[in-house]
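J.: Before we start, here is the structure in question, set down as structure tokens.
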Amino acid sequence: MNQKDIAFFRGLLNERLEELRSEAGKTVEGMDQAANFPDPSDRATMEANRNSVLRIRDRERKLIFKIQEALQRLEDGEFGICEQCGEEIGIDRLKARPVTTLCIECKATQEVQEKKAKRAI
């Protein structure tokens, strides 16, 4: 991977990281606003919506961690290298999912193994 690609992915990852952190801040601010719903149905709807938002934010929290790991791999010179086979991960795959740690072949193999394991249960 050349310096231009490294700069591109660093910018892409940092931009996404800032977006996620910004959204997390908005969620916290929105949760601080206490809502009083005398109607149980309204209260239940608000709680369901809040739970949905919290699940989304939890997924985003995990993505933040993965982005930080990808940025560290960039610094260490390991970004774009498959953790399983050691081959380079294709640029198109990295553009689609810059936090990936597996090339498409290793990921496909992993998914097949996961399906087999689920069927065995």
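The values are calculated or read from the model by the stated rules, or taken from the named source; none is laboratory data. The structure displayed is predicted, hence computed values, not measured ones. Positions of Cβ are backbone-derived with ideal geometry, glycine not excepted, and every protein chain shown enters the neighbour counts. Surface accessibility is based on the protein's heavy atoms, side chains included, excluding ligands, DNA and RNA. Shrake-Rupley method; radii C 1.70, N 1.55, O 1.52, S 1.80 Å.
J.: How much length, in nm to one decimal, is gained on full extension between residue 45 and residue 92, taken as 0.36 nm per residue of separation minus their Cα-Cα distance?
T.: Numbers: separation 47, 0.36 × 47 = 16.92 nm, distance 4.11 nm.
Stretched fully, the residue 45-residue 92 segment lengthens by 12.8 nm.
J.: Under the rule of at least 5 residues apart or a separate chain, name every residue whose amide H is placed under 5 Å from the amide H of residue 90.
T.: 104
J.: Within the range 40-72, list the residues whose amide N lies under 17 Å from a label point set 7 Å along Cα→Cβ of residue 19.
T.: Correct set: 56-68, 70-71.
J.: Now, a different point. From the phi angles alone, apply the Karplus equation (6.51, -1.76, 1.60; θ = phi - 60°) to the range 41-54 and give each ³J(HN,Hα) in whole Hz, x where the residue is Gly or Pro.
T.: So the Karplus estimates, Gly and Pro as x, are 5, 5, 4, 5, 5, 4, 5, 5, 5, 4, 4, 4, 4, 5 Hz.
J.: So with the 1.4 Å probe, I'd like the accessible area per residue for the range 10-121, rounded to whole Å².
T.: Working: 8190 Å² over 112 residues.
I get 73 Å² per residue for this part.
J.: Output ³J(HN,Hα) for the range 70-82: one whole-Hz value per residue in order, computed from phi by the Karplus curve 6.51 cos²θ - 1.76 cosθ + 1.60 with θ = phi - 60°, and x for Gly and Pro.
T.: Coupling constants for the range 70-82: 5, 5, 5, 4, 4, 5, 7, x, 9, 5, x, 10, 5 Hz.
J.: Working from Cα positions, state the angle (0 to 90°, nearest 10) between the long axis of helix 104-120 and the longest principal axis of the chain.
T.: That helix lies at roughly 60 degrees to the long axis.
J.: Right, something else. Using alpha carbons only, how many degrees (0 to 90, rounded to 10) separate the axis of helix 3-32 from the longest principal axis of the chain?
T.: With rounding to tens, the tilt is 10 degrees.
J.: From the Cα gyration tensor of the range 32-72, with a ≥ b ≥ c the square roots of its eigenvalues, which class applies: rounded if a/c is under 1.5, or else prolate if a/b is larger than b/c, or else oblate? All intermediate terms of the calculation are to be shown ahead of the outcome.
T.: Values: a/c = 9.61, a/b = 3.56, b/c = 2.70.
Verdict is prolate for the range 32-72.
J.: With the Cα gyration tensor of the chain giving a ≥ b ≥ c as the square roots of its eigenvalues, does the rule (a/c under 1.5 for rounded; else a/b larger than b/c for prolate; else oblate) give rounded, prolate or oblate?
T.: Working: a/c = 4.15, a/b = 1.65, b/c = 2.52.
It comes out oblate by the Cα gyration axes.
J.: In the chain, once you exclude exposed GluC sites (Glu not before Pro) (DSSP loop, at most 16 other Cβ within 10 angstrom), what's the longest stretch remaining? Please list the in-between numbers first.
T.: On the way: sites that count: 78, 83, 87.
The reported range is 1-77.
J.: What's the lysine pair count for the range 61-121 at a Cα cut-off below 17 Å, pairs eight or more apart or interchain? Walk me through the numbers before you get to the answer.
T.: Details: 66/95; 66/107; 95/107; 107/115; 107/116; 107/118.
For the range 61-121, the number of qualifying lysine pairs is 6.
J.: On the full set of protein chains, 1.4 Å probe, figure out the accessible area of residue 22 and give it in Å² to the nearest 10.
T.: About 60 Å², rounded to the nearest 10.
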